[in-house]
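To start, the structure under review is shown below, and the notes come after it.
The values are calculated or read from the model by the stated rules, or taken from the named source; none is laboratory data. Please read all numbers here as calculations on a predicted model, not as lab measurements. As a convention, Cβ positions derive from the backbone with ideal geometry for all residues, glycine included, and neighbour counts pool all protein chains shown. Just so you know, the surface numbers come from the protein's heavy atoms only, side chains and all, with ligands and any DNA or RNA stripped out. Shrake-Rupley method; radii C 1.70, N 1.55, O 1.52, S 1.80 Å.
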Number of protein chains: 2
Amino acid sequence: MNRYKVTFLPEQKEVEADEGVTLFEAAEKAGVYLNSLCGGEGVCGKCRVQVTKGNIKADKHSIVFFSKEDIQHGYVLACQTRVKDSLEVVIPPESRLEEEQIMAESHLEEQKTWRETRPITYSKPDWISLHKRAYDPASLFEPLVSKVYLELPGPTIDDNIPDTGRIVRELRKKLEYSSYEIPLPRLRDLSMKLRRHGWKITATVARHNNMGRILQIEAGNTADRNYGVAIDVGTTTVVVQLVHLKTGQVMGVEGSHNLQARYGEDVLSRIAFACGKGSRDILQQAVVENINTLIQTLAQEKGIDVEDITSIVAAGNTTMSHLLLNLTPCSIRDDPYVSTVDLYPQVLANEVSININSQGVLQVMPSVASYIGGDTVAGVLACGLADKPETACLIDVGTNGEIVIGNNEWMLSCSASAGPAFEGGDTRCGMRATRGAIQKVEINNGRAVYETIGKAKPRGICGSGLIDLLYELARNGIIDIDGKFHPSLQDKRITTENGELEYIVAFPEETETGQMLVIAQTDIDNIIRSKGAMFAAIKSLIDYAGLTFDQLSRIYVAGGFGSYLNIEKAVGIGLLPDVARERIEFVGNSSLMGARMALVSFYAFEKAISISQSITNIDLSHFAPFGDEYMAALYLPHIDQELLFPSVNY
Amino acid sequence: MNRYKVTFLPEQKEVEADEGVTLFEAAEKAGVYLNSLCGGEGVCGKCRVQVTKGNIKADKHSIVFFSKEDIQHGYVLACQTRVKDSLEVVIPPESRLEEEQIMAESHLEEQKTWRETRPITYSKPDWISLHKRAYDPASLFEPLVSKVYLELPGPTIDDNIPDTGRIVRELRKKLEYSSYEIPLPRLRDLSMKLRRHGWKITATVARHNNMGRILQIEAGNTADRNYGVAIDVGTTTVVVQLVHLKTGQVMGVEGSHNLQARYGEDVLSRIAFACGKGSRDILQQAVVENINTLIQTLAQEKGIDVEDITSIVAAGNTTMSHLLLNLTPCSIRDDPYVSTVDLYPQVLANEVSININSQGVLQVMPSVASYIGGDTVAGVLACGLADKPETACLIDVGTNGEIVIGNNEWMLSCSASAGPAFEGGDTRCGMRATRGAIQKVEINNGRAVYETIGKAKPRGICGSGLIDLLYELARNGIIDIDGKFHPSLQDKRITTENGELEYIVAFPEETETGQMLVIAQTDIDNIIRSKGAMFAAIKSLIDYAGLTFDQLSRIYVAGGFGSYLNIEKAVGIGLLPDVARERIEFVGNSSLMGARMALVSFYAFEKAISISQSITNIDLSHFAPFGDEYMAALYLPHIDQELLFPSVNY
């Protein structure tokens, strides 16, 4: 078999590739990760690359993604192009799987302990006040894994109980467990360790099945060196937060795109990969690579040893949770949508190849159903939905949208497949909420003003930008109530490409790529379908519960919108219900916050278990009115504007 | 380095040995196991071998173990003789570590289930009647590991709980656990397994920390194929019993000498080996070799697959328990005598290299103190001592003797180092209770009649034979109350060797080895010291409790006496207290029986935990009156015969 040299620019990364492998695979081998929504099927057009040297064979099917000029300049889809020559390949910015920091916009107050300050600070809600109602935060702080320094009295003839008894006797004075277990490998040399270190030791104790599980015995006092990690394992992004478990202090947060995205954008295509042509192992290794890299980065930044990280709590949807633990996800996608497990066992992090302390534990947040996962449970925990008598609602907007309605007596949930429009998919210039994404748009008198994340040159439009844009297009009469471009409108920003009308948000000279950023008619149609599915789901669940929107004391909105969501405009396009605006709170990444609550408080983790077992999930695919609600929601803001969106007035 | 061929006879086993290794080590390499009481120190004389070809260098120190004739015939101590030539070595029968079946004398009623019949049938006590008082045996039968066949209803949209929930929901109807855990590796392919096998599966469930731990999921109904193993891990012998866990039926029992004996006869020399020149690993591997061989043998005999053995309960003294799990035993031997652990964790058998089902569990019985181990706890469990209001006593006669006195409200224990005389050590012709051992002796009018185990030619004298012999020598006036040979006595069986008087039990022409079997003055002195230590311990504990022997409703006697112990004679020499004989019961291997009770009933195991935590151990080395009691007991039967042994009348 022939092998060829492939060089990727601008990094100048070289790799030897066997003849016949795709450019996508060769790039991966070189450590250059490309976008892919379709898992390499050649149908999403996200892995465009430019071949600048060497011969390639054009793929006829992917021609729809390129203009004549593009083809002349050597643009191809990396996943459909096979190596049969030495090549030089340029990766344009928009095709690159972005590894930069994301979701770190929360303004961390690093100097205060968890007891003193809000668990995680977003711009809007005052979390501590929320939780004061439910818990006494002082007693809440009981990490899943704690380190306890012990100065044991040495044995005498009148007090010659076994070594383990001596440790447990002291631990009982400091922790609340009545029974303890020590895994066999830790027991083996315990006797020598205790005597060598003069009976002054630090025990690392995990809560495990309501017992204390002694993970580690160290010499001397190391109780200050105890760190934990909360992880939000999203389908799109993975966010890791480092927490000092002695104080509860958040030390830092890092995020990256889920490397599984190479094998499919949404959970269904990941399951298809895991259960079909690919394997679970590959997906598991991908997300573990994310996690290990992020943890390593945080540890280096903060100057700590990963050996001192003793625990992880991860929240993810049911598929992500299954893939993280390498559990079969196959039955999740098939009616009647059954997962393997909802209460995930506590495991050693190294059982799934996550690099922290070799005895450190990983706890995945419990899930409710196949499409209501631990991320939603974490969100409910974070919002305190299950703690208050007032009925409230949590809406997590995403490719799979989740909605929970309820209070401290009952909770209902449902999920809706909304498509990836709000996470950067399904639209020509859509992108995730990272640097260079347009997140705010305002249009006035033919002038479009936008703001990008990181104040960078625009590279695309993220979910909150698309919401703004849709609202502004409607408000300015550029599109109609059905989302269609007004046929008679004259605007220099309206143009036609491939027979389709589109609106130019940024001209080529403004953008990082030099290509103009547009929103086309099909993009608008896709966004309307997404928001329509979300709203129809919310409305269906409210109706199922026999409530009206007015009866919701609060609506918490979570989602991958970065730090920004314009609530007025989200209501304006009919994504969120039209209630008094002060009742709607954008809570950002509530999944991560819930994971951290469970990390620093096993009371919170037990609350999460109780939440997961208390929520009744309604399967909308078997709920007849949902179809009509969806059809009625495919308008801006809704076909029943007078009744449901009386305050919306473009 | 030179290497020489060493051939061991009569097996003709050849081995290449490096120059300088001992014959003991070379024999071991050849798979020929020799006796050793001292762990290779050259001081016990038990590893005599005859070098018939090749040059060796005589070891001056070991000359005391040989007659002039012996030396001329090439006899040496294997542990003190190093290879420096090619050799031919004959292993005499008495130096061979006997591997034959032992302790299998209990007459197993294999056809009845545990519910119907006695847990284990010895000749004397009616166990079922004992236990009826304490438990309802029908409810008692709840094996530590059970297999449950489940026909699960398949999921529907109205019943789409996760797979684990579906299993647990059915298990809750059949087992008493409210919560269950499934280790991660079992979860990974559970989903596919359930569907592939049409939701008809057998779950193997272990009781673990009061939860059900699902060890294994098999296709179809395998509930009949569930076996367990009870093990008595003795310092001297290892006995394994195979039990059908569906029915409780005992299927078979096998025993062998503890292969650790090569590295030291008693627990102190084993600890010295483990913590000094040798290693724990070697001792652990040795006893595991015993166990694996015995299990394999039993499985083959009964035609079962070791993969269907799902659980083991092992009882042993504290040192044996530590060595089985490869825990540091070092502090056990040093004042204040502290062990690593008393409540041993449930582990996977394969964590300690025991070959049963790869997920099968091993539970070691809990111990009380460094010298009151799980074997004693198992014995207390088996005797029902802790279940009855009447005060009773358990005496386990051995190298380390253990005594427990008490009832269902309180229990006291003590231990006494009695020396190995009753287990075949410390006397010139002593041997363990195996084939060829003299176990019964009667002397009348200068005629000695004996009976050997297996009706074989005599090879030595075991504990019960020594008790009989001592009694008979005293009764016939051959020895005095102080155990000394009557100086003026004329008897053709009394002879002098190395200036010491000895009594000939069997003449050379009667024995298997062709050497006469004698009991010498120092042997008698050793036995008296052993029985004196045992009795002094019993008396001290009774006094400590403020009781008299008459207040004991029952005295249970356990020990490695094989199937025979003459209680009259054991009282006669002052080993056992002089109470009404019907109150004394010889119970044989109560350790094995207790282990089996815990195997087939976790209620019994929980009882064992409660026993281990309820017994107060008295350290006789810090109990002043013990010394005087010991001195007073160095007579036949006792210096206070009138008061303490009124019924004894030679």
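Among DSSP beta bridges lying fully in chain A, give the percent that are antiparallel, nearest 5.
In chain A, DSSP labels about 70 percent of beta bridges as antiparallel.
Would you please classify the overall shape of segment B:500-650 from the alpha carbon gyration tensor, given that a ≥ b ≥ c denote the square roots of the eigenvalues, rounded means a/c under 1.5, and beyond that prolate means a/b larger than b/c while oblate covers the rest? The shape class here is oblate. Seen from A:Ile479, the other residues with C-beta closer than 15 Å to its C-beta sum to a net charge of -3, counting Lys and Arg as +1 and Asp and Glu as -1. Taking 7 Å steps out from each Cα toward its Cβ at B:Glu301 and A:Thr496 produces label points 9.5 nm apart.
Taking the accessible area of segment A:185-314, probe 1.4 Å, and keeping the other protein chains in place, the carbon and sulfur fraction comes to 46%. With Cα atoms defining each centre, segment A:355-389 and segment A:399-421 are spaced 15 Å apart in the structure. Note on surface exposure: A:Glu510, A:Glu176, B:Glu502 rank A:Glu176, A:Glu510, B:Glu502 by accessible area, highest first, 1.4 Å probe.
Counting heavy atoms of the protein chains alone, A:Cys275 has an accessible area of about 40 Å² for a 1.4 Å probe. Restricting segment B:212-317 to chymotrypsin sites (Phe, Trp or Tyr not before Pro) that sit in a DSSP loop and have at most 10 other Cβ atoms within 10 Å of their own Cβ leaves nothing. Computed from backbone phi, the HN-Hα couplings of segment B:177-188 come to 6, 8, 10, 9, 10, 10, x, 3, x, 6, 6, 4 Hz, rounded to whole numbers (Karplus: 6.51 cos²θ - 1.76 cosθ + 1.60, θ = phi - 60°; Gly and Pro given as x).
Using the rule -39500 (n - 2.57) for each DSSP H run of four or more residues, divided by the residues of chain A, the 222 nm mean residue ellipticity is -7500 deg cm²/dmol.
For chain A, the square roots of the Cα gyration tensor eigenvalues, ordered a ≥ b ≥ c, give a/c of at least 1.5 with a/b no greater than b/c, which places it in the oblate category.
A 1.4 Å probe run over the protein chains yields, for segment B:142-201, 44 Å² of accessible area per residue, whole-number rounding.
Between copies, the label points of A:Arg169, set 7 Å from Cα on the Cα→Cβ line, lie 4.9 nm apart, reported in increasing order to one decimal in nanometres.
Per-residue SASA remark: A:Met411, around 10 Å² accessible (1.4 Å probe; ligands, DNA and RNA not included). Taking amide H positions as modeled 1.01 Å from N, with prolines and chain starts lacking one, the residues under 5 Å from B:His486 and 5 or more places away or on another chain are B:Ile479, B:Asp480.
Working with all protein chains in place, sort B:Tyr450, A:Tyr603 by solvent-accessible area computed with a 1.4 Å probe, largest first.
Accessible-area ranking of B:Tyr450, A:Tyr603, largest first: A:Tyr603, B:Tyr450.
Exactly which trypsin sites (Lys or Arg not before Pro) in segment B:466-554 are in a DSSP loop and have at most 10 other Cβ atoms within 10 Å? Those satisfying the criteria are B:Lys492. If you take the Cα centroid of segment A:511-527 and the Cα centroid of segment B:524-583, the two points sit 97 Å apart.
Enumerate the residues in segment B:177-201 having an amide nitrogen under 12 Å from the point lying 7 Å beyond the Cα of B:Asn350 toward its Cβ. From segment B:177-201, the list is B:185-186.
If Lys and Arg each add +1 and Asp and Glu each add -1, what is the summed charge of the other residues whose beta carbon sits under 12 Å from the beta carbon of A:Gly430? So the surrounding residues net to -1.
Computed over segment B:134-240, relative contact order equals 31 percent, with contacts defined as Cα pairs under 8 Å that lie 6+ residues apart.
For segment A:355-463, the fraction of C-alpha pairs more than 18 angstrom apart is 64%.
Can you tell me, using C-alpha contacts under 8 Å and at least 6 residues apart, the relative contact order of segment A:341-399 as a whole percent?
Across segment A:341-399, relative contact order equals 22 percent.
Radius of gyration over Kirkwood radius for segment A:177-262, both on Cα atoms: the Rg/Rh ratio is 1.12.
Electrostatic tally near A:Cys414: other residues with Cβ closer than 14 Å to its Cβ, Lys and Arg +1, Asp and Glu -1, net -4.
Could you give the dipole magnitude of segment B:279-411 about its Cα centre, charging the beta-carbon of Lys and Arg +1 and that of Asp and Glu -1, in debye to the nearest 20? Display every interim value, and only then the final one.
Values: 4 positive and 16 negative charges, 21 e Å.
Roughly 100 debye, rounded to the nearest 20.
Taking both sides together, what accessible area is buried at the B/A interface, probe 1.4 Å, expressed in Å² and rounded to the nearest 100?
Numbers: alone 25640 and 25500 Å², together 47820 Å².
Roughly 3300 Å².
Amide H to amide H distances under 5 Å link A:Ala558 with A:Ile395, A:Asp396, A:Val397, A:Val587, where only residues 5 or more positions off or on other chains count and H is placed in the peptide plane. With the alpha-carbon atoms of the protein assembly as shown aligned to their principal axes, the span from lowest to highest coordinate is 140, 69, 56 Å, starting with the largest. Which ³J(HN,Hα) values, rounded to whole Hz and listed in residue order, are derived for segment A:473-484 from phi using the Karplus coefficients 6.51, -1.76 and 1.60 in 6.51 cos²θ - 1.76 cosθ + 1.60 with θ = phi - 60°, glycine and proline given as x? Rounded to whole hertz, the list is 5, 6, 4, 8, x, 6, 10, 8, 4, 8, x, 7. Only counting protein heavy atoms at a 1.4 Å probe, give the residues of segment A:295-343, ordered by number, whose accessible area falls by 50 Å² or more when the other protein chains are present relative to the chain alone. The answer is A:Thr328, A:Pro336, A:Val338, A:Thr340. Across segment B:23-33, rounded Karplus estimates of 3J(HN,Hα) from the backbone phi angles (6.51 cos²θ - 1.76 cosθ + 1.60, θ = phi - 60°) give 4, 4, 5, 5, 4, 4, 4, 7, x, 10, 9 Hz, Gly and Pro being marked x.
Residue and distance for the chain B Cβ closest to the axis that moves B onto A, in whole Å, come to B:Asn209, 3. Note that segment B:357-399 shows a convex hull volume over its alpha carbon atoms of 121 Å³ per residue. For A:Val505, the residues whose modelled amide H falls within less than 5 Å of its own, excluding neighbours fewer than 5 places apart on the same chain, are A:Leu517, A:Val518, A:Ile519. Seen from a random direction on average, the alpha-carbon convex hull of segment A:229-369 projects onto 7.8 square nanometres.
Please work out the average accessible area per residue across segment A:504-650, using the 1.4 Å probe convention, and give it in Å².
Per-residue accessible area for segment A:504-650 comes out at 34 Å².
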